[in-house]
Each structure stands twice: as C-alpha cells, then as structure tokens.
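Novice: Okay, here's the structure, questions in a sec.
Each value in this text was obtained by applying a stated rule to the coordinates, not by laboratory testing. Note that the structure is predicted; figures quoted are calculated from it, not measured. Ideal geometry is used to build each Cβ from the backbone, glycine not excepted, and the neighbour counts take in all protein chains shown.
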Amino acid sequence: MLDYLYAAMWFIVALLLVFRFGKLNKIFYFAGALFFVMGAWWLVGAILQQDLFAGALGWAFRGVMAVALVLLCMAYYRERKKDNSEG
C-alpha cells in the first residue's frame, strides 16, 4: 500500500515540475521526466509485487538516477554561475 503512495508522490512532483516550473527553465522538464520514471518504477514494483530495487535491475536504476542527478547538478551550477555574473 505504501508503494502506491510513493508512486503517487513522485507523479505529483513530476507534474508540478513540468507544468508549474517548466516555464521558468527548460531543465525542469528533464527533472519532471526523471520523477515520472521514478513514479513508474515504484508503481510497476507495487503492481508486480516485486522489489525492483534488488539485483542488476536495481543497480541499473540507481546508475541512471546518479547520472541524471549529476546532469541536474551541473545545470544548476551553470545557471547559478550565469545569474551571479549578470547581476
């Protein structure tokens, strides 16, 4: 039951990022897509009643999330640097 709540939470965050904050910066579309993937991952795990975070599939998921996190941090740093130089 808690897995469905986590999935719903990730979907809500994704929708907020895409529709609310996407207008501010394009990177929020990427972040929203990332949260959609996370929500789908939790939902599929809940429906199949399997732990998708175990084994090689779980490590692949963690790897994709780590790369996405690094990309998001780089984009954030680039934006902060650009904002500081402008004003």
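Novice: State, to one decimal in nm², a quarter of the convex hull surface area for the C-alpha atoms of the chain, i.e. the direction-averaged projected area.
Specialist: Over all viewing directions, the chain projects a mean Cα-hull area of 6.2 nm².
Novice: Among Ala14, Phe28, Gly63, whose Cα projects farthest towards the positive end of the dipole of the chain, with charges put on the beta-carbon of Lys, Arg (+1) and Asp, Glu (-1)?
Specialist: Selected residue: Phe28.
Novice: Further, regarding this structure: With only Lys, Arg, Asp and Glu charged, each at its Cβ (+1 for the first two, -1 for the last two), find how big the charge dipole of the chain is about the Cα centre; round to the nearest 20 debye.
Specialist: So the dipole magnitude of the chain works out to roughly 360 debye.
Novice: Compute the angle between helix 2-15 and the longest alpha-carbon principal axis of the chain, please, reported from 0 to 90 degrees and rounded to the nearest 10.
Specialist: The helix 2-15 is inclined about 30 degrees to the chain.
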